[in-house]
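Below is one structure, written out as structure tokens; the observations come after it.
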Amino acid sequence: MQSNYNVLIIGGGPGGAMAGKAVVDAGLSCCIIEKRPAIGAPVRCAEGVGHEISELVDLDPKWISSKINGAQLVAPDGQILELNPEMAGNEVGYVLDRKIFDRELVWKAANAGCDVFVKSRASSAIIKNGKVCGAIIETGGKTLEVHADVVIAADGVESKFARWCGIDTTVPVAEIETCVQYLMTNLDIDPGLNSFYLGREVAPEGYVWIFSKGERTANVGIGISGKMCRDGKRPKDYLDAFIAEHLPNGKIIELIVGGVSACKPLECTVADGLIIVGDAARLSDPITGGGIINAMYTGKLAGEVAAECIASGDCSKKALMKYDVAWRDSKMGRGLKRNYQVKEIFIKLKDEKLNSIVNSVNKLDMEIFDTKYLIRELVKYNPWLLKDIGTLRRLLD
Amino acid sequence: MIKVFKMLIIKREVCGYCGACVSVCPEGALELVDAYLTVDPETCIECGICSKICPLGALEVKNAE
Ligand SMILES: Cc1cc2nc3c(=O)[nH]c(=O)nc-3n(C[C@H](O)[C@H](O)[C@H](O)COP(=O)(O)OP(=O)(O)OC[C@H]3O[C@@H](n4cnc5c(N)ncnc54)[C@H](O)[C@@H]3O)c2cc1C
Ligand code: SF4
Ligand code: SF4
């Protein structure tokens, strides 16, 4: 490990890996620090992504566990809403194999010239005159000082690095989705279909998912709001009850736990010498919890902006703001903002209202499916939606 | 007056080292060292937020002996 790099990246997830590749592609020196002994393991994810991932990286078949061409939403009363592929082209998305995928993204960065160190942990930030200048790294029993022009915090849901730089990254209790998932086999499922189950009894302020991992195998998991979680009512309790009812013959071959933030993004995702990306910046989708693509997109953008700022000799907060402005203004940034408002509406809904919504969506003409049409029709059948929320009215404009 | 000391207990045989608790701790008292969760007793205010949201129930705020 050198004691000086142009860019130091904390965390070797999809965000860190994409950032590392972007920095070295711009001709600068870069190092990724990952505290775990292996990239991508243990998995903390249901591994579902939309087809738009191919805009960020050339997909390799060996990363893909399953191609998804449809999804179904199961309402509290058991009604099924089919989300059909005709609406979204042939492939709606993929279920990845993140043990392979995460590792290959880091591999790409390494092959392009980025240094990578595993079982190496940042334990604090080096700050001089208010500017982030590097990190203290614990590796193999040694403590090293590593300096950099820009540090990219890609340290995931824990997000401690930004906190050491004085930025409050605490996720509110009501806005952490607390999750448990099993990788299960011996299941009678359609390998091209992902399912979502809603309802207070099933998963309060969250959902149960079954994401296909191929023939007879799936990620079966649950996320519930931290607010609803307590002894006897933890996500594991709900998931075990769900499995006993719906998948009694399934066999569990892996246990996965984790937290996903469903809060607003950090108010500002840069500081002097610092850029924050992916989960560390609280950029997972407040409705679905999906954050892989958002981490990849912001990681890449952060790497590019860092390289530009280093080339121009100005890594101040003001110069790095270009990153913050760009992602907020992107399709992703606007989507996060809208979905946060929609989430705020949906978590308050009682089961009967959810049933009634699914019932009315089932009457819709899916040929002309778009968000505005959907909301307008929903309001037609469920006028109380407007009473509950002025927000929906704004979403119609 | 007797002051009751509280402390956060980590049940290591239950913990799945996922870091969810780290993200909600308002004091930044928790730290995940690879697969080993640590709490800084100097910083922890025993608020119980982490133990509330743990997916597996691996944390508990207890009265110290
Ligand atoms: C149960 C669950 C299901 C999910 N399902 C989906 C899904 O289906 N689809 C989807 O898109 N998203 C899903 N997500 C979210 C997704 O996993 C994250 O959004 C994504 O991994 C974020 O990438 P990242 O690079 O920001 O962070 P991460 O992938 O979390 O990577 C951060 C890395 O930083 C390392 N690190 C942390 N601190 C330090 C330190 N101090 N020093 C060195 N290294 C450090 C960590 O070990 C980790 O490897 C799910 C999450 C959970 C918990
Ligand atoms: S949330 Fe629970 S399982 Fe996850 S690291 Fe904290 S104590 Fe361990
Ligand atoms: S009890 Fe409160 S202060 Fe202590 S570690 Fe848990 S969340 Fe942090």
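Miscellaneous remarks
- For the pair A:MET321 and A:ARG376, label points projected 7 Å from Cα toward Cβ lie 3.9 nm apart.
- Packing, taken as the mean count of other beta carbons within 10 Å per residue, orders the peptides A:181-188, A:57-64 from highest to lowest as A:181-188, A:57-64.
- Spatial separation of Cα centroids for the range A:217-287 and the range A:88-143, in angstrom: 21
- Intensity falloff of chain B expressed as log10 I(q)/I(0), Debye formula with alpha-carbon point scatterers, at q = 0.12, 0.16, 0.18, 0.28 Å⁻¹: -0.27, -0.47, -0.59, -1.38
- Cβ-based exposure ranking for B:PHE5, A:PHE117, in which fewest neighbours within 10 Å come first: B:PHE5, A:PHE117
- Among A:LYS264, A:LYS353, a tally of other beta-carbon atoms within 10 Å of each Cβ gives an order, fewest to most, of A:LYS264, A:LYS353.
- About the centre of its Cα atoms, the protein assembly as shown shows a dipole size close to 820 debye [charges on the beta carbon of Lys, Arg (+1) and Asp, Glu (-1) only; nearest 20 debye].
- Between A:ASP351 and A:ALA38, the FRET efficiency estimated from the beta carbon spacing at R0 = 56 angstrom works out to 0.85.
- Stokes-Einstein diffusion coefficient of the range A:1-153, Kirkwood radius over Cα pairs, 20 °C, 1.002 mPa s, in µm²/s: 123
- With both labels modelled 7 Å from their Cα along Cα-to-Cβ, the A:ALA241 to B:ASN63 distance reads 3.2 nm.
- Averaged over the residues of peptide A:224-236, the number of Cβ atoms from other protein chains lying within 10 Å of each residue's Cβ is 4.
- Simple spin-label estimate for A:GLU201 and B:ILE45 gives 4.0 nm between the two label positions (7 Å along the Cα-to-Cβ direction from each Cα).
- Ordered by the number of other Cβ atoms lying within 10 Å of each residue's own Cβ, fewest first, A:VAL277, A:VAL74 fall into the sequence A:VAL74, A:VAL277.
- A straight chain from A:ARG216 to A:LYS337 at 0.36 nm per residue would run longer than the Cα-Cα distance by 39.9 nm.
- Pairs of alpha carbons in chain A separated by more than 34 Å make up 31% of all such pairs.
- For the range A:183-288, the calculated P(r) over all alpha carbon pairs, in 5 Å bins from 0 to the bin holding the longest distance, is 2, 11, 19, 19, 16, 12, 9, 5, 4, 1, 0 percent.
- Cα lying deepest toward the dipole's positive end in the protein assembly as shown, options A:SER159, A:ILE252, A:VAL92, charges on Cβ: A:SER159
- Annotation for the range A:202-247: GluC sites (Glu not before Pro) lying in DSSP loop with at most 16 further Cβ atoms inside 10 Å of their Cβ are A:GLU215.
- Using a Förster distance of 60 Å, the FRET efficiency for A:ASP77-A:SER124 (Cβ separation, nearest 0.05): 0.70
- A Förster distance of 41 Å, applied to the separation of the beta-carbon atoms of A:SER54 and B:THR38, puts the FRET efficiency at 0.55.
- Among A:VAL132, A:LEU83, A:VAL43 - extreme Cα towards positive end, dipole of the range A:35-183, charges at beta-carbon: A:VAL132
Bear in mind these aren't lab numbers, they're just calculated from the coordinates by the rules spelled out. Nothing here was measured: the structure is a model prediction, and the numbers come from that model. Note that each Cβ is placed from the backbone with ideal geometry, even for glycine, and that neighbours are counted across all protein chains shown.
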